[in-house]
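Colleague: Okay, handing you the structure first.
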Amino acid sequence: MTANSQSTADVIDAMRTTLNQGIVQLHHDHHQTHSATRKQVSIGLVRMANIKPLIAVAQRLLSQAAPEQYRLHFCVYHSQHPLLVRSEMEKQLDAALNRNDENQLWQQATIQSALQYPEPNQVFIVFATAVAEVGRDHDYDWAIAEPSSMRSLIQLAGRIQRHRQRVPNSPNLLILNQNYKALKGDEVAYSMPGFESTKFKLASKDLNEILLPEQYQQISATPRIAPRRSLDAAHNLVDLEHKHLAARLFGRDQTAEHARLWWGWRLNGARNPSWCAELQRRMPFRKSGKDDAFVLLLDEEGETPQFNLRHEKTGS
């Protein structure tokens with residue numbers, strides 16, 4: 001995948017074109033056929049690293065006409081939905097993506113409704129960030145990944161054929177050779193999420209050059225568990241993750257702030273467990289600001305509930 005320029009519009013358009021081709025191919029190879037109507041249905045996951053590019057790509061796909069004889073159904077799933085919306089979304093996804101009984105798919109109201117449309121190909125696409133990789137027992141037919149780390153690819157692969165465990169005849173996971181940040185020309189592309197940084201920088205942003213075929217053609221957890229004897233962090237994404245993790249844990253490569261300061265070293269003659277909290281403070285899981293919450297409040301029994309705005313910053 002390449003873009004005509006590093007402008008946001010060209011990058012989003014390049015991703016749209018590539019995803020559109022991948023969706024059609026993966027649906028063709030990994031659909032289920034409804035016995036009565038002979039219509040073909042598949043549920044796929046497009047995993048992207050960050051919310052804003054995710055929404056932009058989904059909007060661009062929604063704005064174009066679907067391929068002939070195809071109807072595309074979209075679900076945009078990320079962590080910043082209001083909790084009530086996200087809860088309802090996850091409830092429907094949990095039901096549709098429970099594939100322990102393959103025939104259960106046809107009992108879902110959403111699928112039954114889709115079968116009423118005339119198009120023979122009904123494709124359900126979940127556009128999601130990393131929220132889809134962990135914590136949900138979902139079984140997708142196929143997936144497309146915007147890369148950020150090998151760990152992420154392993155987690156995503158575990159959501160394809162999770163319940164049915166059928167060996168595919170063709171690839172059911174496509175990996176983009178570059179991510180959004182790389183196409184934009186960012187110096188550090190595989191970060192937040194990912195392990196690349198200004199100190200641990202990759203020489204290339206193209207996965208064809210920073211992953212070996214055996215590291216992605218049949219994805220397993222082995223590359224992340226067993227490091228290679230000789231690590232080349234500048235030229236291999238998996239090696240980069242091992243080296244960065246070792247630096248954070250054990251202080252290698254002159255990393256001043258690392259976890260071993262808590263359990264292994266003595267500072268001023270004594271162990272210093274406060275380092276554990278300090279590392280968490282300096283490297284939080286995500287950068288988040290104060291939120292404003294809308295609350296449906298019932299002051300007295302029998303009264304009509306009213307929406308109230310609560311400012312998290314002030315508490316009022």
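The values are calculated or read from the model by the stated rules, or taken from the named source; none is laboratory data. All values reported here derive from a predicted model rather than from experimental measurement. All Cβ positions, glycine included, derive from the backbone under ideal geometry; neighbour counts span all protein chains shown.
Colleague: Of all residues being under 20 Å from Asp29 (Cα atoms) and of a type in the set (D, E, K, R) in the range 119-150, which is surrounded by the most Cβ atoms within 10 Å (Cβ to Cβ)? Just the residue, please.
Modeller: By that ranking, first place goes to Asp141.
Colleague: If you don't mind, there's one more thing I want to ask. Checking the conditions here, which among Thr37, Thr33, Thr8 is polar (S, T, N, Q) and within 12 Å of Leu183 (Cβ to Cβ)? First the steps, then the outcome.
Modeller: Numbers: Thr37 fails: within 12 Å of Leu183 (Cβ to Cβ); Thr33 fails: within 12 Å of Leu183 (Cβ to Cβ).
Sole residue among the options that is polar (S, T, N, Q) and within 12 Å of Leu183 (Cβ to Cβ): Thr8.
Colleague: How many residues are within 15 Å of His138 (Cβ to Cβ) and in contact with a helix residue (DSSP H, G or I) (Cβ under 8 Å, 6 or more places away or on another chain) if we restrict to the range 79-109?
Modeller: Final tally of qualifying residues: 6.
Colleague: Right, something else. Anything in the range 155-192 that is crowded, with 18+ Cβ neighbours inside 10 Å and aliphatic (A, V, I, L, M)? List them, or say none.
Modeller: Across the range 155-192, the qualifying residues are Leu156, Ala157, Ile160, Leu173, Leu174, Ile175, Leu176, Ala182, Leu183, Ala189.
Colleague: Can you name the residue in the range 43-57 that is crowded, with 21+ Cβ neighbours inside 10 Å and among the small types (Gly, Ala, Ser) and, of all such residues, is farthest from Ser191 (Cα to Cα)?
Modeller: As a first pass, look at the range 43-57 and keep what is crowded, with 21+ Cβ neighbours inside 10 Å: 43-49, 53-54, 57.
Subset that is among the small types (Gly, Ala, Ser): 44, 49.
Working: Gly44: 25, Ala49: 9 Å.
Selected residue: Gly44.
Colleague: I would also like to ask the following. Among the residues of the range 82-101, how many are over 18 Å from Gly158 (Cα atoms) and touching a strand residue (DSSP E or B) at 6+ places or on another chain (Cβ under 7 Å)?
Modeller: Selection size over the range 82-101: 1.
Colleague: Of the conditions (1) surrounded by 15 or more Cβ atoms within 10 Å (Cβ to Cβ); (2) in contact (Cβ under 8 Å) with a residue 12 or more places away in the chain; (3) out of contact with any Pro (no Cβ under 9 Å at 6 or more places or on another chain), Arg86 fails just one. Which one is it?
Modeller: Looking at each condition in turn, Arg86 falls short on (2).
Colleague: Can you spot a residue in the range 57-64 that is part of a loop (DSSP other than H, G, I, E, B) and at pLDDT below 95? Talk me through it step by step, then tell me what you get.
Modeller: The initial filter retains those residues of the range 57-64 that are part of a loop (DSSP other than H, G, I, E, B), namely 63-64.
Remaining after also requiring at pLDDT below 95: 63-64.
Yes, that holds for at least one residue.
Colleague: For the range 89-118, how many residues meet the condition of being surrounded by 11 or more Cβ atoms within 10 Å (Cβ to Cβ) and touching a residue at least 60 places away in the same chain (Cβ under 8 Å)?
Modeller: 8
Colleague: Suppose we filter the range 13-24 for residues that are touching a residue at least 60 places away in the same chain (Cβ under 8 Å) and farther than 14 Å from Phe124 by Cα; how many remain?
Modeller: 3
Colleague: Additional query: For the range 298-315, what are the residues that are within 17 Å of Pro82 (Cβ to Cβ), at pLDDT 70 or above and outside any strand (DSSP E or B)?
Modeller: If the condition is that a residue be within 17 Å of Pro82 (Cβ to Cβ), at pLDDT 70 or above and outside any strand (DSSP E or B), then Pro305 is the only one that fits.
Colleague: Which of the residues spanning the range 204-232 are of a type in the set (Gly, Ala, Ser), modelled with pLDDT under 95 and over 13 Å from Ser149 (Cα atoms)?
Modeller: Here is the first cut: in the range 204-232, the residues of a type in the set (Gly, Ala, Ser) are 204, 220-221, 226, 230.
Narrowing the set further to residues that are modelled with pLDDT under 95 leaves 220-221, 226, 230.
Within the range 204-232, Ser220, Ala226, Ser230 qualify.
Colleague: In a helix (DSSP H, G or I) and modelled with pLDDT of 80 or more: is that true of Leu245 in this structure? Spell out the reasoning first.
Modeller: Numbers: in a helix (DSSP H, G or I): yes; modelled with pLDDT of 80 or more: yes.
When the stated conditions are applied, Leu245 passes them.
Colleague: Among the listed residues Gly251, Gly264, which satisfies the condition of being at pLDDT below 90, crowded, with 16+ Cβ neighbours inside 10 Å, in contact with a Gly (Cβ under 9 Å, 6 or more places away or on another chain) and not aromatic (Phe, Trp, Tyr)? Give the derivation first.
Modeller: Working: Gly264 fails: crowded, with 16+ Cβ neighbours inside 10 Å.
Only one candidate passes the filter, namely Gly251.
Colleague: Go through Lys243, Lys181 for me and flag whichever is of a type in the set (Lys, Arg), under 18 Å from the mean Cα position of the chain (by Cα) and more than 17 Å from Ala157 (Cα to Cα). Please lay out each step first, then the result.
Modeller: Numbers: Lys243 fails: under 18 Å from the mean Cα position of the chain (by Cα).
One residue alone meets the criteria, Lys181.
Colleague: Only one of (1) over 19 Å from the mean Cα position of the chain (by Cα); (2) within 18 Å of Glu68 (Cβ to Cβ) is not met by Gln6, so which one is it?
Modeller: Result: Gln6 passes all but (2).
Colleague: I would also like to ask the following. Is one or more of the residues making up the range 15-24 within 25 Å of Ser113 (Cα to Cα), in a strand (DSSP E or B) and not basic (Lys, Arg)?
Modeller: Looking for residues that are within 25 Å of Ser113 (Cα to Cα), in a strand (DSSP E or B) and not basic (Lys, Arg), one finds none in the range 15-24, hence no.
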